[in-house]
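Presented below is the structure to which this report refers.
All of the numbers you see were taken from the coordinates with simple rules; none came from a lab. Nothing here was measured: the structure is a model prediction, and the numbers come from that model. Positions of Cβ are generated from backbone atoms using ideal geometry, with glycine treated the same way; all protein chains shown enter the neighbour counts.
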Amino acid sequence: MSRAARVGHACGAGLLVLALSACASETLKSGTPREVMGHRINPYELHEECVKMTPGDVLDYHFTTQRPVAFNIHYHEGKSVILPVSRNNVTSDEGTYQPLLPQEYCLMWEAGREGAILDYRVKLIRAKR
């Protein structure tokens, strides 16, 4: 099963209990960065940070790992999983993401066979309304 299909099943349909817990996180507050250091991702498991965003919002992110991971920013559209940002086999990345559609967007890190230790910082900047 492809990674996108696993994400769709795990978070959208709720079929994998482990991935369900990975989807649940405290809501990001605008302007307040979330910094996480030393988050362990077990082999072949994932971790997500999700937030509802609308056009004009900005998501600023930065992460590092000691082992390569697959990273993406995705959202669900029906049964499909759309990946506007996708990186494979990386140990760091940073940038900003600005959504085109009002959706719940998730940053997702997926470890390989050796697992990974993840440090990340995520900051949501809401559009002035």
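Sparse packing (at most 14 other Cβ atoms within 10 Å of the Cβ) combined with a DSSP loop state is found for the following chymotrypsin sites (Phe, Trp or Tyr not before Pro) in segment 40-129: Tyr44. For segment 31-111, the list of trypsin sites (Lys or Arg not before Pro) that fall in a loop by DSSP and count at most 13 other C-beta atoms within 10 angstrom reads Lys79. For segment 66-129, the list of GluC sites (Glu not before Pro) that fall in a loop by DSSP and count at most 12 other C-beta atoms within 10 angstrom reads Glu114. The C-alpha radius of gyration of segment 42-118, expressed as a fraction of 2.2 N^0.38 Å, stands at 1.11. Each Cα pair under 8 Å and six or more residues apart adds its separation to the average, and for segment 54-129 the resulting relative contact order is 51 percent.
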